[in-house]
């Protein structure tokens, strides 16, 4: 018998006792911090996310953790899928491909939108959908794919995204069992069409084919210009571009020089640069105090000339 053998093939088991079930408290990771958090909410008397602070704080922190522009808290993973499928806006009879190995919460949202769930086969080792099985299930009526990252193991989501892009269909990631699971230099939930904020020009145009687009938000700043093309495209099409993390990153030396010349702060110069960069850029830098708000607003009065703009390029 070799140590590399699986227990089912005669190898030594990794565990001598079964893992705790969902009915066993020892299988949960709730501790004193979670108890205190619940108590804090209950004692506050505010149980509404509309006026409360806990849910908005969770959304901001989770979005930041993922590097996403937005996060929307839902009452359950099933509720989140209802929103995602509704956003796809399928016509009655449209097909949405998904996995046969998942909770019914993956299937019900498809049916509740009058779409037809189509089950593609899964990898026998991971239990996840594969690009090959999904490709075989695509028909002219296919509207979207819901991929479930089963038991913490990410599916081949980059390949699935490429497949969906080729066919002009949307990819929804069900990450309820695998949130924060890495996919290269990103995470599950950041590759598919639903749940991403770093949209490309192709995605903007695909969205415009469904409905008018009022605004686009991608990470963009003086020192983070990966979305230059999207900024230019939005300007050409008259679409508002909202830079996410507009003040992120360290200031290059030129910022201090231009700031001194204008009697301004480095942050004000960064905001002034963004507004000079494109006529459709709308900055929402956020603020923590009235004084900080006044400092941000003062950036509107700064006019960068061609020499300033070139120095900051």
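The values are calculated or read from the model by the stated rules, or taken from the named source; none is laboratory data. Just so we're clear, the structure is a prediction, and the values are computed from it rather than from any experiment. Ideal geometry is used to build each Cβ from the backbone, glycine not excepted, and the neighbour counts take in all protein chains shown.
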Does residue 293 satisfy being within 30 Å of the chain's Cα centre (by Cα), assigned by TED's automatic domain parsing to the domain that holds residue 306, in a helix (DSSP H, G or I) and crowded, with 18+ Cβ neighbours inside 10 Å? no
Residue in region 259-285 that is surrounded by the most Cβ atoms within 10 Å (Cβ to Cβ), counting only those that are over 20 Å from residue 227 (Cα atoms) and out of contact with any helix residue (DSSP H, G or I) (no Cβ under 9 Å at 6 or more places or on another chain): 260
Considering only helices (runs of 4 or more DSSP H) wholly within region 1-113, the ones with at least 2 residues that are within 30 Å of residue 242 (Cα to Cα) and without any contact (Cβ under 8 Å) to a residue 12 or more places away in the chain are 54-66, 77-88
Hey, any hits in region 158-174 for a residue that's assigned to a loop (DSSP other than H, G, I, E, B), at pLDDT below 90 and crowded, with 16+ Cβ neighbours inside 10 Å? yes
Identify all residues within region 223-267 that are under 11 Å from residue 278 (Cα atoms), free of Cβ contacts under 8 Å to residues at least 12 places away in the same chain and more than 22 Å from the chain's Cα centre (by Cα); write none if there are none. 236
If you check residue 308 against the conditions, is it touching a helix residue (DSSP H, G or I) at 6+ places or on another chain (Cβ under 9 Å) and in a loop (DSSP other than H, G, I, E, B)? no
Return yes when residue 81 is in contact with a helix residue (DSSP H, G or I) (Cβ under 9 Å, 6 or more places away or on another chain), at pLDDT 90 or above and surrounded by 15 or more Cβ atoms within 10 Å (Cβ to Cβ) and no when it is not. no
Do the conditions hold for residue 288, that is, is it surrounded by fewer than 18 Cβ atoms within 10 Å (Cβ to Cβ), modelled with pLDDT under 90, outside the structural domain of residue 57 (by TED's automatic domain parsing) and assigned to a helix (DSSP H, G or I)? no
Condition set at positive phi and in contact with a strand residue (DSSP E or B) (Cβ under 9 Å, 6 or more places away or on another chain), scope region 230-258, selection surrounded by the fewest Cβ atoms within 10 Å (Cβ to Cβ): answer is 249
